[in-house]
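Enquirer: Pasting a structure below so you can have a look.
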Amino acid sequence: MREFKIAAIPADGIGKEVVAAGLEVLDVLAKRDGGFRLNIETFDWGSDYYKKHGTMMPENGRETLKQFDAIYFGAVGAPDVPDHVTLWGLRLNICQPFDQYANVRPTRILPGIKSPLAGVGPRLLNWVIVRENSEGEYAGQGGRSHRGFPEEVATEVAIFTRAGVTRIMRFAFKLAQSRPRKLLTVVTKSNAQRHGMVMWDEIAAEVAGEFPDVTWDKMLVDAMTMRMTLKPETLDTIVATNLHADILSDLAAALAGSLGIAPTANLNPERKFPSMFEPIHGSAFDITGKGIANPIGTFWTACMMLDHLGETAASARLMRAIERVTANPLLHTPDLGGKATTRIVTDAVIAAIEADN
Ligand code: ATP
Ligand code: MG
């Protein structure tokens, strides 16, 4: 019996609802498979924890997490706690020290889901976006002087290191190589940003030399938004900086039908530390407690986690169950224009897992 230790951190808002649903599904999946066991421990970290203790997670939280094989994460953010506290206090407090430098976001249109792009279905839109997750524009460097005075200046410095750019390029080329089309688009802004982005381009070209079987091209981020919208079929694997990929992946999620469907993995590819798996949506307090959050993104996230753990058969089974459910409009939550609840969708996915052979 293969055994894995999973840390579940549902955190805030609908994160609690969709992770609870995800854990139910994982439990059924492991029993159905019979070959592996998931030992799941759930942590109550997040904004409620912050209101009691003044921190989003305990001081020794990371030491605790180190003993796990993977982290299954919900969402952070609460209306009465500042965003930078919730984000830096929990999510980034795990991502950065655990060196989860590759953020991977598969994007495709699932059966039964309508893209806002007329006539675009799964055959024309099947991407995976790789986001540099450890440096760049979100390095947190900079400052403010003359605060509040008319001469106030604020700087926000993007940091690109040769080591950081090289490792994300290698990761992206390798991922592109593993996909049928072996096609990579490197997103850049080197026409306007003359230092970091120029080095980014140079390193892309260097690393490309190690992957002669991968076809690659370079695209300015502004033009990229048009290409994603007008010629989605020309794209496959995409690599971009922290900021650029943050923006492009919201566009990608919208083009694929709903934010509620999209999954992501924060990977430490060397496996020195646990990797973290989460839906890309936030805590969505506007629908929290209503029982209508779409759990599909969190289920797809579980597929990525199972793949990472090497349980590819179970992952494929879960993906088949997800696709059987999305194909039926009666099982769509309100974000997809339907009337189904989190409960109904979860039960349907469980039934589809049990019926799968
Ligand atoms: P963040 O600040 O982390 O981006 P947020 O709460 O501002 O979070 P999101 O949670 O990303 O924003 O959600 C944006 C919108 O999409 C909200 O109106 C929300 O209701 C909707 N939404 C997001 N996730 C889901 C989901 N899983 N199911 C249904 N609707 C969702
Ligand atoms: Mg948001």
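Enquirer: Tell me, please, whether a residue that is loosely packed, with under 12 Cβ neighbours inside 10 Å, over 19 Å from the mean Cα position of the chain (by Cα) and polar (S, T, N, Q) can be found in the range 159-177.
Expert: no
Enquirer: Separate question: With respect to Trp216, determine if the residue is assigned to a strand (DSSP E or B) and either within 25 Å of Arg167 (Cα to Cα) or away from ligand 2 (no atom under 16 Å from the Cβ) (or both). I'd like the intermediate steps shown before the answer.
Expert: Working: assigned to a strand (DSSP E or B): yes; either within 25 Å of Arg167 (Cα to Cα) or away from ligand 2 (no atom under 16 Å from the Cβ) (or both): yes.
It is true that Trp216 is assigned to a strand (DSSP E or B) and either within 25 Å of Arg167 (Cα to Cα) or away from ligand 2 (no atom under 16 Å from the Cβ) (or both).
Enquirer: Filter the range 1-16 down to the residues that are at pLDDT 95 or above and either over 22 Å from Leu65 (Cβ atoms) or outside any strand (DSSP E or B) (or both) and list them by number. Step through it out loud before you land on a result.
Expert: From the range 1-16, those at pLDDT 95 or above are 2-16; that's our starting set.
Result: Asp12, Gly13, Ile14, Gly15, Lys16.
Enquirer: Output the number of residues of the range 49-58 satisfying the condition of being within 16 Å of ligand 1 (Cβ to nearest atom) and surrounded by fewer than 22 Cβ atoms within 10 Å (Cβ to Cβ). Before the answer, list the steps.
Expert: From the range 49-58, those within 16 Å of ligand 1 (Cβ to nearest atom) are 50, 56; that's our starting set.
If we keep only those that are surrounded by fewer than 22 Cβ atoms within 10 Å (Cβ to Cβ) as well, we get 50.
Total meeting the criteria: 1.
Enquirer: If you don't mind, another one. For the range 59-93, what are the residues that are away from ligand 1 (no atom under 13 Å from the Cβ), under 26 Å from Ile261 (Cβ atoms) and out of contact with any Lys or Arg (no Cβ under 7 Å at 6 or more places or on another chain)?
Expert: Ala70, Ile71, Tyr72
Enquirer: Please specify each residue of the range 346-355 satisfying the condition of being crowded, with 16+ Cβ neighbours inside 10 Å and either of a type in the set (A, V, I, L, M) or modelled with pLDDT under 95 (or both).
Expert: Going through the range 346-355, the residues crowded, with 16+ Cβ neighbours inside 10 Å turn out to be 346-350, 352-353.
The answer is Ala348, Val349, Ile350, Ala352, Ile353.
Enquirer: Looking at (1) surrounded by 15 or more Cβ atoms within 10 Å (Cβ to Cβ); (2) more than 16 Å from ligand 1 (Cβ to nearest atom), which is the one condition that is false for Glu41?
Expert: Condition (1) is where Glu41 drops out.
Enquirer: Just for helices (runs of 4 or more DSSP H) wholly inside the range 17-95: which have at least 2 residues that are over 18 Å from the mean Cα position of the chain (by Cα) and either at pLDDT below 95 or more than 16 Å from ligand 2 (Cβ to nearest atom) (or both)?
Expert: Working: elements: 47-53, 61-66, 83-86, 92-95.
Per the criteria, 47-53, 61-66, 83-86.
Enquirer: Also, quick follow-up: Restricting the search to the range 5-29, which residues are of a type outside the set (Val, Ile, Thr), surrounded by 19 or more Cβ atoms within 10 Å (Cβ to Cβ) and over 21 Å from Gly291 (Cα atoms)?
Expert: Residues satisfying the conditions are Ala7, Leu29.
Enquirer: Under 9 Å between Cβ atoms, which residue pairs at least 6 apart in sequence (or on different chains) link something in the range 276-294 that is within 22 Å of Pro97 (Cα to Cα) with a partner that is assigned to a loop (DSSP other than H, G, I, E, B) and within 6 Å of ligand 1 (Cβ to nearest atom)?
Expert: Hits for this filter: Pro279/Asn294; Gly282/Gly77.
The values are calculated or read from the model by the stated rules, or taken from the named source; none is laboratory data. Being a predicted model, the structure only gives us computed values, none of them experimental. For neighbour counting, all protein chains shown are included, and Cβ atoms are generated from backbone atoms with ideal geometry for every residue, glycine included.
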